[in-house]
Each structure stands twice: as C-alpha cells, then as structure tokens.
Amino acid sequence: MNNSVTNTARLLWAGLRALLVLTLVTGVIYPLAITGVAQGLFNDKANGSEIKANGQVVGSSLIGQAYNLPVKGDETPEPDLKWFQGRPQNGLGTNSVNTQYSLILSGATNRSGDNGAVDGVCPPLGKVEESTLCYWVESAKAAVIKDNSVPGYTVKASDVPADAVTSSGSGLDPAISPDYADIQVHRVAEKNNLPVAEVQKLVDEHTDGRTLGFIGEPTVNVLELNIALKELVAKS
C-alpha cells in the first residue's frame, strides 16, 4: 500500500515537472525566441507591413483602403475622384457584405465567370439581372469609363482592365495593375490641378515588377501611390 502511494506520488511529481518544463520552453522561451528573430530580421513584416506618412501609421501595404467621400444617406459613399481608386471592394460595392474593405469580414463574390452571361457574353445593362456578376462588371465598367473620361481624354471600353471591374478573392487587394492606374492619371491630374506628366511619373515610380522577374504581374500599391500624390499636391 505504501509502495503504491509512493509510486503514484513519484509519477505525479514527474508529470508536474514535465508540465512546468514544457510550459517554460513552449510557452515562454520559444515564443520569445521567434519574436526576437522576427523583429530582428523581418521587422516590417512582423509588425504588419505598416505604411507611414508624416510619422504616423496610415495603413498596411497588404490591405486595401477605400478612398470615398462620406455622402450622407448613401449606402455606399461616392469615390473621391481626386485619389487613385483601388479594385472593387469584395462584390462591387453595394452588392457585398463588405463595402469598405472592412477587416471584420472578407471573401469573394462566389459568382462564376459566366454568371448572367448569354452564350458566353454579358448582355447590356438593361437586359441583365442585377444580382449577377455580369451586371456588377458592366456597371463597374460604365462607372470607370465615366469617372476617368475628362476633357481631352476619353476612356474606351477596351481600355478598362479586368482588375478595374472585379474584386480579388479576399476583397482586400491593396494593389491594382499599371493599366488601371494609367487610365486614372488624367482624371487625378485634372482634379488636383497637376500636369499629367507628373502624375504619370508617380505611377511609373510606384509600379513594382514581377517577383524575381517572372512570378506574377506588375502591380501598383494604391495607398503608397496616394501618399506620394498627396506630397506632390502639397509641393505644388
């Protein structure tokens, strides 16, 4: 009987010691070591890839932002056209549960590429159901053409790239294609009373090439571009 109690006590003590050691190693030492390595070698990424302007954090290079005017009474505010605009926000505006790049929820529209199409072609706006991807894309295309056509520069339907009228899989894409940035240059220049050449130079300077020269496509981070635009406007 005494031997049984002694053995049980010995096993319990051994288990407790193992628990304490593993807690110390996996709950304290390992997290501190990983945090130290991350902060030392990958400080920017470990802290959320923050973007700063005037010494303040204004966003992340990984998360898109909306550049809208808060119009009272509208379900979705109108875009503030003095800024470069990002991709449609997870479902093309009012059709989505996430209309403001909200981090509470993200996701795709879950519509197939031919949703609403007839014989593989999207019908005109007046002949397509409003709940379909075709309607969302055609509505977005019409808005892109209207917003970016200014005196002396007209955007054609063939000029509108896919990323201007479709949201990304997460709905939080922070970047657009150089083609989409290019068709916004004249509008941004006009709204900010800037020379077109200077605004185009900003876009070119903020265009990132393919990863390792062959992976992915060239992109333009919209937040970084708009920060540079704000600085240019202040100087002018």
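The values are calculated or read from the model by the stated rules, or taken from the named source; none is laboratory data. The structure presented is a predicted model; accordingly, all values stated were derived computationally and were not measured. Virtual Cβ from ideal backbone geometry, glycine too; neighbours counted across all protein chains shown.
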Could you tell me which of the residues Ser158, Ser236 is modelled with pLDDT under 95 and in contact with a Leu (Cβ under 8 Å, 6 or more places away or on another chain)? Ser236
With the structure loaded, tell me whether Val233 is over 16 Å from the mean Cα position of the chain (by Cα), closer than 21 Å to Ala66 by Cα and among the β-branched types (Val, Ile, Thr) or whether it fails that test. yes
Among residues belonging to region 183-210 that are part of a loop (DSSP other than H, G, I, E, B) and free of Cβ contacts under 8 Å to residues at least 60 places away in the same chain, point out the one that is surrounded by the most Cβ atoms within 10 Å (Cβ to Cβ). His206
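Of the residues Ser106, Ser60, Ser102, only one is under 30 Å from Ala228 (Cα atoms) and at pLDDT 80 or above; which?
Numbers: Ser106 fails: at pLDDT 80 or above; Ser102 fails: at pLDDT 80 or above.
Result: Ser60 is the single residue among Ser106, Ser60, Ser102 that is under 30 Å from Ala228 (Cα atoms) and at pLDDT 80 or above.
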With the structure loaded, tell me whether Tyr180 is of a type in the set (Ser, Thr, Tyr), outside any loop (DSSP other than H, G, I, E, B) and closer than 30 Å to Lys52 by Cβ or whether it fails that test. yes
Give just the number: which of (1) part of a loop (DSSP other than H, G, I, E, B); (2) in contact (Cβ under 8 Å) with a residue 24 or more places away in the chain; (3) surrounded by fewer than 17 Cβ atoms within 10 Å (Cβ to Cβ) does Gly213 not satisfy? (2)
